[in-house]
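Notes follow once the structure below has been shown.
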Amino acid sequence: MVLAAGRGERMRPLTDATPKPMLTVRGQPLMQWPMQALAREGFTRQLINTAWLGAQIPAHFGQQLVWDGLPPVDLTYSHEGEDFGHALETAGGIVRALPQLAEVFWVVAGDVFAPDFVFSAEAVRRFAASDKLAHLWLVPNPAHNPGGDFGLSPTGAVLNLPKGAAACDYTFSTIALYKHAFFADCGLPAGNPAGVALALAPLLRGAMDRGQVSGQVYAGAWTDVGTPERLAQLNA
């Protein structure tokens, strides 16, 4: 699942007429980078959620994509804006799409640039065989988030630490693997038929406290394209 429903307030005025994941980075839409990386490793069934200016995304990508040197990609969409008039936040959007997702599935934000990340089939197999419900890729805290999001134990457990704590050394990259069971107790039925907005962070922190979230550090190039300045730097 590629997350593409957000308004991109901090990117205004660029996002007044263009969905944030469709902004151009190095010659192509920002969200196309993870879509191609997924296809490169054989993940050719991809789902995109939309809301703000959501019609632009299927108008650009359509239902099937063929890129040189990559297998064809079949796309489906979860049109939160069209169905409910607003975005459902991250967890609400995932639960809305859950009936269309595999038992173990990738989630990546369409507004994060990580061109070297490998969506490994081996990582999926390893996670599927584990007793964890989520597996996160973390990055060393960037300048824009010095207090961090989470900690990481020596055994690979992601730790629910307060921002700025001594060991809160890592920021969530947005790239993760989940099992359907992670969302079983979120209070929403699969498919989220009422279109309830639900944040992901509280669910993650609760699961961390129960020892259900593993993680690892991603040391490659990574940019949360959260401001026009960061976008300009990538395109310089």
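What are the residues in the range 42-64 that are open to solvent by 20 Å² or more (accessible area, probe 1.4 Å) and under 23 Å from VAL104 (Cα atoms), if any?
Matches in the range 42-64: GLY42, PHE43, THR44, ARG45, GLN63, GLN64.
Which one of these is surrounded by 13 or more Cβ atoms within 10 Å (Cβ to Cβ), part of a loop (DSSP other than H, G, I, E, B) and out of contact with any Leu (no Cβ under 6 Å at 6 or more places or on another chain): GLY187, GLY226?
Only one candidate passes the filter, namely GLY226.
Looking at the range 203-221, can you tell me whether even one residue there is within 22 Å of GLY8 (Cα to Cα), under 16 Å from the mean Cα position of the chain (by Cα) and of a type outside the set (A, V, I, L, M, F, W, C)?
No, the range 203-221 contains no residue that is within 22 Å of GLY8 (Cα to Cα), under 16 Å from the mean Cα position of the chain (by Cα) and of a type outside the set (A, V, I, L, M, F, W, C).
Which residues, taken from the range 6-23, are under 18 Å from PRO58 (Cβ atoms) and either part of a strand (DSSP E or B) or among the aliphatic types (A, V, I, L, M) (or both)?
Of everything in the range 6-23, those that are under 18 Å from PRO58 (Cβ atoms) and either part of a strand (DSSP E or B) or among the aliphatic types (A, V, I, L, M) (or both) turn out to be ALA17, MET22, LEU23.
Restricting to the range 113-136, name every residue that is touching a residue at least 12 places away in the same chain (Cβ under 8 Å), surrounded by fewer than 15 Cβ atoms within 10 Å (Cβ to Cβ), assigned to a loop (DSSP other than H, G, I, E, B) and among the aliphatic types (A, V, I, L, M).
Result: VAL118, single match.
The values are calculated or read from the model by the stated rules, or taken from the named source; none is laboratory data. The model shown is predicted, which means the values in this text are computed figures rather than measured ones. Cβ coordinates were reconstructed from backbone atoms using ideal geometry, including for glycine residues, and neighbour counts include every protein chain displayed. When the accessible area is computed, the model is the full protein with side chains, heavy atoms only, and any ligands, DNA or RNA have been set aside. Shrake-Rupley method; radii C 1.70, N 1.55, O 1.52, S 1.80 Å.
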